[in-house]
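All remarks here apply to the structure that follows.
The values are calculated or read from the model by the stated rules, or taken from the named source; none is laboratory data. Given the structure is predicted, the values throughout are model-derived calculations rather than measurements. Ideal geometry is used to build each Cβ from the backbone, glycine not excepted, and the neighbour counts take in all protein chains shown. Accessible surface is based on the protein model in full, side chains and every heavy atom, while ligands, DNA and RNA are left aside. Shrake-Rupley method; radii C 1.70, N 1.55, O 1.52, S 1.80 Å.
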Amino acid sequence: MLRSNLVQTKSNALFYLWPCLVMAQNHKQPNLTFQTDFFHAVNHWVVLPKNGSEHHYLYGYLYFDPAKGIVFYLENTLAFDGTWKLNRDKKSYVLQKTMRDPEMKVALLPKSIQQLWNLPEKPAALGAIPKKNTADYAAALGRYFNQLEQSSLAVPLLKKALRKNPNHSNLLFELGFAYNAKARYKKAIRVLELLVQDSPSQKAWEELGYAYLQTQTIAAAENCYMQALHYCKSTEEIQKIGSEMHRVFLKFGASDYANKWEAIAKNGEIPEKPNAENDPRILLIKR
């Protein structure tokens, strides 16, 4: 009789404890919501949204590689059937994927889950991750955002980096490019004028020329593109730019300029001297 009562007591206790055990198990489950833009999740463990054709979710680490952009390093997979099931099989491959879809939302893994799954601060295989507070890092990240057509993200980080590094050529170029992309042409001109004074290059002159064109400052724009020609490495490259600028100036109704660039497109020769009166470098001095 005593043994029977003890068994019944244990059974009742287990019955009452069962909801608590379930709650404790559920508490350990990550509440994953895919609502964070991936570019706001750099240096975090994340879960990627499931592709319709996939049976599992991918989880891993997001980091920024200055040569590639924001990269997802795959750690392993997750399955979900009411609760999250972690695949602990050791993977026999390395998957790193550069993030290219600016619309993608990821789920951040909370610290409690990282500890539960024994995840390190970052994957050991990644080694040293570039420091975020360097000018080169900011310039590379700005370039990546510009390539993704996310110039609104590029502008604030580039401006912040320029406060400490006001003459950094890559920061200036990417900020000028971002301003052009956002149709803030006067700001682009101010930034790019500083750039061509200290670190002139073909792409800097062309970007400045584009900004001048958009503000209908045709003479200054034309001289910028003339300056860019001097960095060409072949006659074919000169002819290609000449042909492009011929079409551009026709579009803007500047037939005199269009005719000049048509001649450049045909003979591949750079005119001896741009009109000094309209040379952007002279205009800068006059201001």
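A few remarks follow.
- Stretching the chain fully between LEU116 and ASP198 yields a gain of 24.2 nm (0.36 nm per residue, less the alpha carbon separation).
- Relative contact order of the stretch 103-223, defined on C-alpha pairs under 8 angstrom at six or more residues apart (%): 16 percent
- Residues in the stretch 42-84 reached by a label modelled at THR98 [backbone nitrogen below 19 Å; 7 Å Cα→Cβ]: 42-43, 61-74
- Probe 1.4 Å - accessible area at PHE252, Å² to nearest ten: 60 Å²
- Largest first, the residues LYS186, LYS85 sort by 1.4 Å accessible area into LYS186, LYS85.
- Note on surface exposure: ASP101, ASP198 rank ASP198, ASP101 by accessible area, highest first, 1.4 Å probe.
- Area of ARG88 that stays accessible when all protein chains are in place (1.4 Å probe, Å², to 10): 150 Å²
- Label-point separation in nm, THR235 to ASP81, each point 7 Å along Cα→Cβ: 7.2 nm
- In this structure THR134 has an accessible area near 60 Å², from a 1.4 Å probe over the protein heavy atoms.
- Alpha-carbon centroids, the stretch 101-115 and the stretch 131-153: separation in whole Å: 21 Å
- Accessible surface ranking for CYS224, CYS232, 1.4 angstrom probe, highest first: CYS232, CYS224.
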